[in-house]
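First the structure, in the form of structure tokens, and then the observations on it.
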Amino acid sequence: MRHGDKINNLGRKVAHRKALLSNLSSQLIMHKRIVTTLAKAKALRTHIEPIITKSKKVNTKDLTMHQHRIVFSYLQNKEAVKELFTVIAPKIISRPGGYTRIIKLGIRSGDNAEKALIELVDFNDVYTKDAFPTVDSTKKTRRSRAKKSDTDTLEVSDESSATDIVIDDSSDSAETI
């Protein structure tokens, strides 16, 4: 029975697993997307999401330094910490969670391992709203419609010379007024 065993050990001891997740986290922060196995990607997601959340809590100078040190204790990489606080945190400040996306890529031919791409959601150019072209709000149909200026009634200054045609739907006859 595996009661309460929620962590995937990835076939490694504690120190090796921490080093692996630290390195994967640093590379994900630096490159914004990495390709790894599916099991490592799922373990990385649970490891890096709280770290990214910690980078958003930047209010005062003391709190900022404290958060920097906490994140550095997980990552052990100064460049990754700097990238996280200067580039990533301002972009994800309004997002309440779910900073990463895992996309399955298929099976690796060498050892039959399932590959996955893990990426930061806000840094993907394909799926963001800015990448899609703007769509006109008007509905398009196959038939052509007359423009509003064509369907407006003609304004004539001399009302006596103007004639309007009224169609009576019940009798299908046209009357001139």
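Against the empirical 2.2 N^0.38 Å scaling, what ratio does the C-alpha Rg of segment 14-129 come to?
Output field value: 1.09.
For the residues I103, I34, I29, what sequence is obtained by ranking on other C-beta atoms within 10 Å, fewest first?
Result, fewest neighbours first: I103, I34, I29.
R0 = 22 Å: FRET efficiency of K32 with T64, Cβ-based, nearest 0.05?
Approximately 0.45, to the nearest 0.05.
Return a whole-number percent for the relative contact order of segment 14-129, with Cα pairs under 8 Å and 6 or more residues apart as the contact set.
34
Where does each of 79-89, 111-121 land if you order them by average Cβ count within 10 Å, highest first?
79-89, 111-121
Values in this text are rule-based calculations from the coordinates and carry no lab data. Keep in mind that this is a model prediction, so the values were computed, not measured. We place every Cβ from the backbone using ideal geometry, glycine too, and count neighbours over all the protein chains shown.
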